[in-house]
Amino acid sequence: MEEFRAEPPDRGAPESLLVVAAHPDDIEFCVSGTVMRWIADGTRVTYCIVTDGDAGGYDERLPRQAMADLRRAEQVHSAKLSGVHDVRFLGYRDSFVEPTAELRRDLCRVIRQVRPRRAIIPSPEINWKRVADLHPDHRAVGDAALRAVYPEARNPFAHPELLRSEGLDPWIVPELWLMTGPTPNQYVDVTTVFERKVEALRIHTSQTAHFEDLAGLLRDWLAEHADAGGLPPGRLAEAFQIVKTE
């Protein structure tokens, strides 16, 4: 079995990044600007979307499977615009996610395949300040992803079939960046990529077409983050809580 111990992480662009989200469009709302900036600096990025988002959308005439297919396509298209070509879907049922052993195993599999130096995951904590962050799928995915990163992905005796049957060696993710949490401690300036972020989000037409001023909504939200992070007036930022796992 291969042994690996990562070097201490820094706050710049990592060599490789795994972003785990509950639904298609979560990444574009919350962290795609940061992803774009890091890709420009050479980061290799993988998206892992736990559900197909079949409970989303606003067209009651559209069958749920058709909605899932549409949202997959929207996510893949949007990811490409951001520079991400590795998008993986786990296919769990939207609005029914729990941090089960099965989900943790599936996330461990992706972690060991991708071998990221950094991972962005949803916070498992409630953020009472913003109702959009209260979706239970977000917290369930955050809980499962946190357990997958620590301690399960690094433990050869956790989900032993991954090593025994699939040859996937344990992997240490040295640093987590939590999105949508109540206590951010890191702010990334995304002002220069804001228009691309809006464009990437607009690709999720099934979820955003009803917004009269999507860019304005995002601008206000990111301006609040920038102000909280002490950035100069007029700047826009995405917010994270950094957690070291070593």
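As a footprinting exposure proxy, order 211, 194, 29 by other Cβ within 10 Å, with the fewest listed first. Mind showing how you got there, number by number?
Details: 211 13, 194 17, 29 23.
Least crowded to most crowded, the residues run 211, 194, 29.
Using θ = phi - 60° and the Karplus form 6.51 cos²θ - 1.76 cosθ + 1.60, what ³J(HN,Hα) does each residue of segment 17-31 get, whole Hz, x for Gly and Pro?
Result, ordered by residue: 9, 10, 10, 10, 9, 6, 10, x, 5, 4, 5, 5, 5, 9, 9 Hz.
Divide by every residue of the chain the summed helix terms, -39500 (n - 2.57) for each DSSP H run of at least 4, and state the resulting mean residue ellipticity at 222 nm, rounded to the nearest 500 deg cm²/dmol. Before the final figure, lay out the partial values.
Working: 9 runs with 91 residues, N = 246.
Mean residue ellipticity, 222 nm, calculated: -11000 deg cm²/dmol.
Listing 103, 134, 17 from the residue with the fewest other Cβ atoms within 10 Å to the one with the most, what is the order?
The fewest-first ordering by Cβ neighbours comes to 134, 103, 17.
Using a Gaussian network for the chain with springs between C-alpha atoms less than 10 Å apart, which of these wobbles most: 164, 71, 104?
Maximum fluctuation in the GNM of the chain, among the listed residues, is at 164.
If I model a spin label at residue 164 and residue 129 as a point 7 Å from the Cα along the Cα→Cβ vector, what separation in nanometres do I get?
Those two pseudo-labels are separated by 4.7 nm.
Tell me the relative contact order for the chain as a rounded percent, counting alpha carbon contacts under 8 Å between residues six or more apart. Each step should come with its number before you reach the end.
Details: 457 pairs, mean separation 59.8, N = 246.
Across the chain, relative contact order equals 24 percent.
Counting Lys and Arg as +1 and Asp and Glu as -1, what is the net charge of the other residues whose Cβ lies under 13 Å from the Cβ of residue 226?
Working: positive: 219, 235; negative: 189, 220, 224, 227, 238.
My count for the surroundings of residue 226 gives -3.
Cα-based Rg (one decimal) and Dmax (whole number) for segment 16-244, in Å?
When restricted to Cα atoms, segment 16-244 yields Rg and Dmax of 17.0, 54 Å.
Under 5 Å between amide H atoms, partner at least 5 residues away or on a different chain: which partners does residue 237 have, H built in plane at 1.01 Å?
Placed amide hydrogens put 190, 223, 225, 226 under 5 Å from residue 237.
Please list, in order along segment 136-151, the HN-Hα scalar couplings obtained from phi with the Karplus expression 6.51 cos²θ - 1.76 cosθ + 1.60 (θ = phi - 60°), rounded to whole Hz, x for Gly and Pro.
Whole-Hz 3J(HN,Hα) from phi for segment 136-151: x, 4, 4, 5, 5, 5, x, 4, 5, 5, 4, 5, 5, 5, 9, x.
Nearest-5 percent of antiparallel DSSP beta bridges in the chain?
Details: 8 of 26 bridges.
Of the beta bridges lying entirely in the chain, close to 30 percent run antiparallel.
Going by how many other Cβ atoms sit within 10 Å of their own, how do 197, 244 line up, fewest first? Please list the in-between numbers first.
On the way: 197 25, 244 9.
The fewest-first ordering by Cβ neighbours comes to 244, 197.
All of the numbers you see were taken from the coordinates with simple rules; none came from a lab. Note that the structure is predicted; figures quoted are calculated from it, not measured. When we count neighbours, we look across all protein chains shown, and the Cβ atoms used for this are built from the backbone with ideal geometry, even at glycine.
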